[in-house]
Each structure stands twice: as structure tokens, then as C-alpha cells.
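A.B. asks: Please read through the structure below; I'll follow up with questions.
The values are calculated or read from the model by the stated rules, or taken from the named source; none is laboratory data. Everything numeric here is computed off the predicted structure, so don't read it as measured data. Neighbour counts run over all protein chains shown; Cβ positions are idealised from the backbone, glycine included.
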Amino acid sequence: MQVGSERLPRYRVTEVRGAFVRLAVERRTAGLSLYRSFSVRYATVDGTAVAGSDFTAKSGELGWNAGETSRQYIDIPILLDSLAEGKETFTVMLYEPAGGDALVNPSVATVTIRD
């Protein structure tokens, strides 16, 4: 996922004990907005994979100081169950940017869990 870019990757993870998916979020900006602090909120959204059964729901806020462009990460634990479910998906959304940068529209990444 990137703030201010058109590249929105898809993530894949295998459902095994201790598995998690790590989403990288980068601030990509040009001009004067780099000299302001920036934040963006994120949240998981159920799809065919359901929070509490297939993954742990996460929400929060990522923030960058003025001039900072380093990657930040969202780690989402994958839950192991005994059901043979095939592929399931959920999404992670970025929303409510603050500080002058804009989000790519849509600002969504899809995560596929493979059994």
C-alpha cells in the first residue's frame, strides 16, 4: 500500500500456526507537503475471511513526521482453524488522511489466506 501512488499490491499468506501478513505503507509525496507531518488511519474489513475466525481485526493510525518517508508496517495475525476453507480474502483500507497528502483512490489492499 502506498500513500500517493497508484500501486496497490495484493498480499497472500498461508494459514499455518503463527502466520501473519505484513503490509508496508509508504509515504510518497512531492512538493511542500513533505515538510508537514502526515497521518492516515487504517482498518481491516471482512470479506470471505472473517475477523475473529480467520484473522485478527486491526485498526489504528500511522504517522510520519515532517520530512519523513520511511515505510511503516501493519501486521495482521492469521488465525489457524481446523476447517478446510480454500482461499479466503479480506481487505485493509487506508482512510482519513491528515496533513496535506492525498490517498490513492481506492486505498485498499486485498489479503488472500490460503488453507
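A.B. asks: Do you know which residues across the stretch 18-38 are loosely packed, with under 15 Cβ neighbours inside 10 Å and at pLDDT 85 or above?
C.D. replies: First, the residues of the stretch 18-38 that are loosely packed, with under 15 Cβ neighbours inside 10 Å: 18, 20, 22, 24, 28, 30-32, 35, 37.
Hits for the stretch 18-38 are Gly18, Phe20, Arg22, Ala24, Ser37.
A.B. asks: Considering only the stretch 45-74, state which residues are outside any loop (DSSP other than H, G, I, E, B) and closer than 23 Å to Arg28 by Cα. If you could, list the steps in order and put the result at the bottom.
C.D. replies: The initial filter retains those residues of the stretch 45-74 that are outside any loop (DSSP other than H, G, I, E, B), namely 45, 51, 55, 59-64, 72-74.
Selection gives Ser59, Gly60, Glu61, Leu62, Gly63, Trp64, Gln72, Tyr73, Ile74.
A.B. asks: Right, something else. Taking the conditions exactly as written (surrounded by 13 or more Cβ atoms within 10 Å (Cβ to Cβ) and farther than 24 Å from Thr110 by Cα), does Arg41 satisfy them or not? Walk me through it before giving the result.
C.D. replies: On the way: surrounded by 13 or more Cβ atoms within 10 Å (Cβ to Cβ): yes; farther than 24 Å from Thr110 by Cα: no.
So Arg41 fails the test.
A.B. asks: Also, I was wondering about something else. When residues of the stretch 15-38 are filtered for being closer than 19 Å to Thr110 by Cβ, part of a loop (DSSP other than H, G, I, E, B) and among the aliphatic types (A, V, I, L, M), how many remain?
C.D. replies: Going through the stretch 15-38 one residue at a time, the tally reaches 1.
A.B. asks: While we're here: Scanning the stretch 65-102 for residues that are touching a residue at least 60 places away in the same chain (Cβ under 8 Å) and touching a helix residue (DSSP H, G or I) at 6+ places or on another chain (Cβ under 8 Å), which turns out surrounded by the most Cβ atoms within 10 Å (Cβ to Cβ)?
C.D. replies: That would be Asp101.
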